[in-house]
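> I have a structure I would like to understand better, so I am pasting it below and will then ask my questions one at a time.
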Amino acid sequence: MLVVLIHGAYTSPWHWHRLVPYLEEAGWEVVVPELPCDDPDAGIEAYVAAVEADLAGTQEPPLVVGSSFGALTACVVASRRPARGLVTVCGTVPLPGRALAEEIGELTQPAFAEAIEFNPDGSTTFRPQAACELVFHESDPELAREAASRLRRQAGLPNTEPCPIAAMPEVPRRGIVAPDDRLLRPEWLARAVRERLGVEPLELPGDHTPMLSQPARLAEVLLESV
């Protein structure tokens, strides 16, 4: 089986590295694209193109998994190619035709605004210590610090563009939420899963990044999704 893991804002393929071995041990082929997060000129279509480039040559419909802001790209990818299913992990599930920036005040925790710095090119940087406290707080402290040190700048264009799909893809869908999420509001995430994915959210206690803090459990959930 084939799975594509789409990382979220500020992050990179490295942030999936603890999960990948569990999926490979289960016999899955794992593709982990790198999105152009730090490119101010890269919008949603550039993110989708990055995923499609890494899927080029694969024959099997993938399970499309999107973490956090990667849920937007995941929804678009799964709507444009055959897919085994769609899973969002603490994901900002978009409303077709609407930009996520229109909902930023509703979906982020108040501490997020104080956790980022604006750069001259319009991108933002996540302060490492704040990331440890808001994003990686359930991971071992050393791992959390390394994860925070590997964060990248995040450009804003894809956040301001309307989601370019007319409806959610007609594939099996699943939405994972963390009731202890300190970055995004769990109630918003749960509502988006119910109203936009059309399924009941699966609660996975822990932080915003279970692929780092509890990779074995997240692998179990993904394996149950197919």
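The values are calculated or read from the model by the stated rules, or taken from the named source; none is laboratory data. Computed from a predicted structure; not experimentally measured. Cβ placement follows ideal geometry from the backbone for every residue including glycine, while neighbour counts extend to all protein chains displayed.
> Could you list, in sequence order, the residues of the stretch 44-88 that are within 17 Å of PRO158 (Cβ to Cβ), touching a strand residue (DSSP E or B) at 6+ places or on another chain (Cβ under 6 Å) and of a type outside the set (A, V, I, L, M)?
GLY66, SER67, GLY70, THR73, THR88
Listed here are the residues, each with its yes/no results for (1) in a helix (DSSP H, G or I); (2) in contact with a Lys or Arg (Cβ under 8 Å, 6 or more places away or on another chain); (3) at pLDDT 95 or above; (4) buried (at least 18 other Cβ atoms within 10 Å of the Cβ).
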| residue | (1), (2), (3), (4) |
| --- | --- |
| GLN59 | no, no, no, no |
| GLY66 | no, no, yes, yes |
| ALA78 | yes, no, yes, yes |
| PHE112 | yes, no, yes, yes |
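> Where residues in the stretch 117-143 are part of a loop (DSSP other than H, G, I, E, B) and either without any contact (Cβ under 8 Å) to a residue 40 or more places away in the chain or touching a helix residue (DSSP H, G or I) at 6+ places or on another chain (Cβ under 6 Å) (or both), which of them is surrounded by the most Cβ atoms within 10 Å (Cβ to Cβ)? Walk me through it before giving the result.
First, the residues of the stretch 117-143 that are part of a loop (DSSP other than H, G, I, E, B): 119-123, 127, 135-140.
Filter once more, keeping what is either without any contact (Cβ under 8 Å) to a residue 40 or more places away in the chain or touching a helix residue (DSSP H, G or I) at 6+ places or on another chain (Cβ under 6 Å) (or both): 119-120, 127, 136, 138-140.
Details: ASN119: 14, PRO120: 5, ARG127: 15, PHE136: 26, GLU138: 18, SER139: 22, ASP140: 11.
Taking the candidates together, the pick is PHE136.
Rundown of residues vs (1) under 14 Å from PHE69 (Cβ atoms); (2) among the aliphatic types (A, V, I, L, M), yes/no style:
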residue: SER139; (1), (2): no, no
residue: ILE165; (1), (2): no, yes
residue: VAL171; (1), (2): no, yes
residue: ASP181; (1), (2): yes, no
residue: PRO186; (1), (2): no, no
residue: ALA190; (1), (2): no, yes
residue: ARG194; (1), (2): no, no
residue: GLY206; (1), (2): no, no
residue: LEU212; (1), (2): no, yes
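> Anything in the stretch 101-121 that is more than 26 Å from SER213 (Cα to Cα), charged (D, E, K, R) and within 19 Å of the chain's Cα centre (by Cα)? List them, or say none. Give the derivation first.
Pass one, the stretch 101-121, residues more than 26 Å from SER213 (Cα to Cα): 101-103, 105, 118-121.
Keeping just the survivors that are charged (D, E, K, R) gives 102-103, 121.
Correct list: GLU102, GLU103.
> In this structure, does ALA99 turn out to be surrounded by 14 or more Cβ atoms within 10 Å (Cβ to Cβ), farther than 16 Å from VAL171 by Cβ, at pLDDT 95 or above and not charged (D, E, K, R)?
Values: surrounded by 14 or more Cβ atoms within 10 Å (Cβ to Cβ): yes; farther than 16 Å from VAL171 by Cβ: yes; at pLDDT 95 or above: yes; not charged (D, E, K, R): yes.
So ALA99 fits the description; yes.
> Would the stretch 89-100 turn up any residue that is over 17 Å from the mean Cα position of the chain (by Cα) and farther than 27 Å from PRO201 by Cα?
No, the stretch 89-100 contains no residue that is over 17 Å from the mean Cα position of the chain (by Cα) and farther than 27 Å from PRO201 by Cα.
> Which condition breaks for ALA49 when tested against (1) small (Gly, Ala, Ser); (2) in contact with a Ser or Thr (Cβ under 7 Å, 6 or more places away or on another chain); (3) part of a helix (DSSP H, G or I)?
ALA49 satisfies every listed condition except (2).
Quick grid of which residues meet (1) crowded, with 23+ Cβ neighbours inside 10 Å; (2) outside any helix (DSSP H, G or I); (3) charged (D, E, K, R):
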| position | (1), (2), (3) |
| --- | --- |
| LEU5 | yes, yes, no |
| HIS15 | yes, no, no |
| TYR22 | no, no, no |
| GLY27 | no, yes, no |
| LEU35 | yes, yes, no |
| PRO40 | no, yes, no |
| GLU45 | no, no, yes |
| ALA53 | no, no, no |
